[in-house]
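Data block below; observations after.
Here, each number is a calculation from the coordinates, and none is a lab measurement. This structure is a prediction, so every number in the text was calculated from the model and none was measured. Note: ideal-geometry Cβ built from the backbone for every residue, glycine included; neighbour counts use all protein chains shown.
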Amino acid sequence: MPNLETVVREIADEMRQRSDRGEVARYIPELARVDPNQFGLAVIGADGTVAAAGDCDVPFSIQSISKVFTLTLALGMVGDRLWQRVGREPSGSPFNSVVQLEYERGIPRNPFINAGAIAVTDLILSRHQPREALGEILRFMQYLAQDNTITIDEEVAASEQRTGFRNVALANYMKSFGVIDNPVEYTLGVYFHHCAISMTCRQLAAAGRFLAHSGRDPSTGLSVVQAERARRINAVMLTCGHYDGSGEFAYRVGLPGKSGVGGGILAVAPGTASIAVWAPGLDAAGNSHLGRIALERLTKRLGWSIFGE
Ligand code: GLN
């Protein structure tokens, strides 16, 4: 089997040379300013070995990747009752789609499309004041990554708060069905801010380790969630983590993964590694274009697809 560090370095070099970089997200003005020529990759193996290359230490906006962690927190608070508010089926529609919500009476298809993540954030908020809810989410990220320098990019949050009209529509629509308990502006305030958490690939790969190791963080030995819960979060990541690009991601990469419009992807090789990649340019489904290609190459060269070599 090829050496992990060599593979990671090769892939970063290959990605640097490509001219097809996708399009940075334009609907959030602050993200439209990010340089699309960046690329970072970090892989943390089961024994804690880190292989990282490119812009792996440059912080980026994790956006929808935060939804994996808010789902984890909310499941810890309300358990399986969460699934009364949010489904767990792939949506087959864009991450900010409105139409499905009407057919399905305000119950979002899954926790990773925007409507579902807003409903999950609302559950967390119901247990706190808005500032405390956000503080708990941020502290959870810092704890998982073992790094309390992780912060929220207030400019990104403000930028989305000014322009997030669709998310306001989704939240109000769900509120009309009784799926949102708190004032819509509070729930969205927390949602926009957790999407604006800024992390490097290295930090994100560290934060995802519990999902790769049956709910336990191997660096501290502490249990974050039970093995069954980690397995199920991974299942939802595999089927829903890339919106209507989830089938293509499973087909090409073969790992549970969650993307964000900042261009990051967190991917989990169960029992083997936690992987974070970042390339700001997106494909038509809003997933990192080069991030997906890099992961496809990584899993192919290392034989890491969960579907076999
Ligand atoms: N904050 C973004 C939004 O709500 C997250 C979307 C994403 O990363 N896919 O539109």
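Can you give me the distance in nm between label points at R105 and A235, each placed 7 Å from the Cα along the Cα-to-Cβ direction?
Spacing of the two 7 Å Cα→Cβ label points: 2.5 nm.
If the only charges are +1 at each Lys and Arg Cβ and -1 at each Asp and Glu Cβ, what is the size of the charge dipole of the range 1-113 around the Cα centre, to the nearest 20 debye?
540 debye
From the C-alpha coordinates alone, can you work out the Kirkwood hydrodynamic radius of the range 232-309, in Å?
After inverting the pairwise mean of 1/r, the radius is 11.9 Å.
What's the exposure ranking of M1, M237, going from fewest to most Cβ atoms within 10 Å?
M1, M237
Suppose every K and R has +1 on its Cβ and every D and E has -1 on its Cβ; what is the size of the dipole of the chain about the Cα centre, in Debye to the nearest 20?
Here the size comes out at about 540 debye.
By the 4.7 Å beta carbon criterion, which cysteine residues of the chain come out unpaired?
C195, C240
At 37 °C and a viscosity of 0.692 mPa s, what translational diffusion coefficient does Stokes-Einstein give for the chain, taking Rh as the Kirkwood radius over Cα pairs? Give it in µm²/s as a whole number.
Numbers: Rh = 18.9 Å.
Estimated diffusion coefficient is 174 µm²/s.
What lysines could a cross-link reach from K258, if we take a straight Cα to Cα line under 18 Å and drop same-chain neighbours fewer than 8 places away?
Within the straight-line cut-off, K258 pairs with K67.
Among P111, V184, A205, pick out the residue whose Cα is farthest towards the positive end of the charge dipole of the chain, where Lys and Arg carry +1 and Asp and Glu carry -1 on C-beta, about the Cα centre.
P111
Go through G260, Q226, I293 and say which Cα lies farthest out towards the positive end of the charge dipole of the range 217-309; charges sit on Cβ, +1 for Lys and Arg, -1 for Asp and Glu.
Q226
Please list, by residue number, everything in the range 48-81 whose backbone N is under 11 Å from a paramagnetic label point 7 Å out along Cα→Cβ of S219.
The answer is 48-50, whose backbone nitrogens lie closer than 11 Å to the label point.
Mind pulling the angle between the C-alpha long axis of helix 4-16 and the longest principal axis of the chain? Nearest 10 degrees, somewhere in 0 to 90.
Around 70 degrees separate the two axes.
Where nothing but the Cβ of Lys and Arg (+1) and of Asp and Glu (-1) is charged, how large is the charge dipole of the range 144-298 around its Cα centre, in debye to the nearest 20?
Numbers: 13 positive and 13 negative charges, 97 e Å.
It works out to roughly 460 debye.
Taking N as the number of residues in the range 90-170, what is its Cα Rg relative to 2.2 N^0.38 Å?
1.25
Please enumerate, by chain and number, the aspartates and glutamates with C-alpha under 14 Å from the C-alpha of K300, excluding those fewer than 8 residues away in the same chain.
Output for K300: E10, E309.
To the nearest 10 degrees, how steep is helix 114-125 against the longest Cα principal axis of the chain, on a 0 to 90 scale?
With rounding to tens, the tilt is 70 degrees.
At q = 0.08, 0.12, 0.17 Å⁻¹, what log₁₀ I(q)/I(0) does a Debye calculation on the Cα points of the range 155-309 give, no solvent, two decimals?
Computed log10 I(q)/I(0) values: -0.26, -0.59, -1.07.
Under a plain spin-label model, where a point goes 7 Å from the Cα along Cα-to-Cβ, how far apart in nm are Y27 and D147?
It works out to 2.9 nm between the two label points.
I need to check one value: relative contact order of the range 1-65, counting alpha carbon pairs closer than 8 Å and at least 6 residues apart, in percent.
For the range 1-65, the relative contact order is 32 percent.
Rounded to whole Å, give me the distance from the Cα center of the range 101-145 to that of the range 163-204.
Rounded to whole Å, the Cα centres lie 7 Å apart.
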